[in-house]
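What follows is a single structure, written as structure tokens, with notes after it.
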Amino acid sequence: MSQNYLVVGSHAATPRVSQLWVRNPAGSPPWEWLWTTNDPCPIHYFGFSTAVDERVPQGAYPGNWGTVAIGDPQAYFTGRVYVYLTYSPGIVQILYWGYGNETSTVCFGESVSADSGLLAIGAPSLTYAAQTVAGSVFVYRWNPAMGIQGEYEFVVQITPPSPAVNGGFGAAVSVYQSTVMIGDNTRRVYMYQISGMTAVPVPLAQHSGVNLASRLGYAVSVWDEFAVAGDEDFIPSPSSRGATIVWDVNP
């Protein structure tokens, strides 16, 4: 969701589709259906993750400008992310890991997030440093001069600082301006600042109450000065379960 757009995936429905809605404050209801796009690779998980960015750098084409990214982590074994312009259900670009002909499951597109021209894609099942399912995050930047109307170009692969079997680095991602927040399967969250073609780690205090049953980082979000991570299995008291952890860059 962005200021003016809402993108909804339906990866378990038949057929698998994703829909884009546009905000109309004077309407009733205030959100109007704009377009629907069908699964380019049927019987997988098209719409498992979605992102919308209406602040991408504008190219030579005037009018309503922005991108929609839809993840399908099982398409063609490795996963795909399909990119659309906000005003059209036609595919602008298909992003994938490696050369596009790999046969190992890396779940590229299990998580996606976009803002201000940056797109982060999680591949939490990727083998890295000989550790299976260690994971990685791939970052792209919108270039309005590429292709016919603009495309994303690869910037950097962010790898897990401590690769671990089933670490799942990139199970959740969030982008705000040049900041990327990443969650994994090992109860940790990470922050990076994208500078040029480099991902610079940003110190983030880890929550001391995380226990072995926790799922901190299962969902993450960063916006403005705040960062948020969900922990669905955190046990704050014997009678309750689940918590949301909030960080403030300037408390």
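Return only the number of the condition from (1) more than 16 Å from TYR152 (Cβ to Cβ); (2) among the charged types (D, E, K, R); (3) at pLDDT 95 or above that GLU102 does not satisfy.
(3)
Which of the residues belonging to the range 160-176 are buried (at least 18 other Cβ atoms within 10 Å of the Cβ), over 26 Å from GLY59 (Cα atoms) and of a type in the set (A, V, I, L, M)?
If the condition is that a residue be buried (at least 18 other Cβ atoms within 10 Å of the Cβ), over 26 Å from GLY59 (Cα atoms) and of a type in the set (A, V, I, L, M), then ALA164, ALA171, ALA172, VAL173 are the ones that fit.
Take the range 143-159 and flag every residue that is farther than 16 Å from SER88 by Cα, buried (at least 18 other Cβ atoms within 10 Å of the Cβ) and in contact with a Leu (Cβ under 9 Å, 6 or more places away or on another chain).
Hits for the range 143-159 are TYR152, VAL155.
Does ILE194 satisfy the criteria of being within 19 Å of the chain's Cα centre (by Cα), surrounded by fewer than 21 Cβ atoms within 10 Å (Cβ to Cβ), touching a residue at least 60 places away in the same chain (Cβ under 8 Å) and outside any loop (DSSP other than H, G, I, E, B)? Lay out the reasoning, then the answer.
Details: within 19 Å of the chain's Cα centre (by Cα): yes; surrounded by fewer than 21 Cβ atoms within 10 Å (Cβ to Cβ): yes; touching a residue at least 60 places away in the same chain (Cβ under 8 Å): yes; outside any loop (DSSP other than H, G, I, E, B): yes.
Judged against the criteria, ILE194 is a match.
So, of the residues in the range 66-91 that are without any contact (Cβ under 8 Å) to a residue 60 or more places away in the chain, open to solvent by less than 40 Å² (accessible area, probe 1.4 Å) and among the β-branched types (Val, Ile, Thr), which turns out to be nearest to ASN4 (Cα to Cα)?
VAL81
Answer yes if at least one residue in the range 22-36 is basic (Lys, Arg), open to solvent by 60 Å² or more (accessible area, probe 1.4 Å) and over 20 Å from VAL222 (Cα atoms), and no otherwise.
Among the residues of the range 22-36, at least one is basic (Lys, Arg), open to solvent by 60 Å² or more (accessible area, probe 1.4 Å) and over 20 Å from VAL222 (Cα atoms), which makes the answer yes.
Would you check which residues across the range 128-139 are farther than 22 Å from SER116 by Cα, among the polar types (S, T, N, Q) and not in a loop (DSSP other than H, G, I, E, B) and list them?
If the condition is that a residue be farther than 22 Å from SER116 by Cα, among the polar types (S, T, N, Q) and not in a loop (DSSP other than H, G, I, E, B), then GLN131 is the only one that fits.
Considering only the range 140-169, how many residues are β-branched (Val, Ile, Thr) and not in a strand (DSSP E or B)?
3
The values are calculated or read from the model by the stated rules, or taken from the named source; none is laboratory data. Note that this is a predicted model, so its numbers are computed, not measured. Virtual Cβ from ideal backbone geometry, glycine too; neighbours counted across all protein chains shown. With ligands, DNA and RNA removed, areas are computed over all heavy atoms of the protein, side chains included. Shrake-Rupley method; radii C 1.70, N 1.55, O 1.52, S 1.80 Å.
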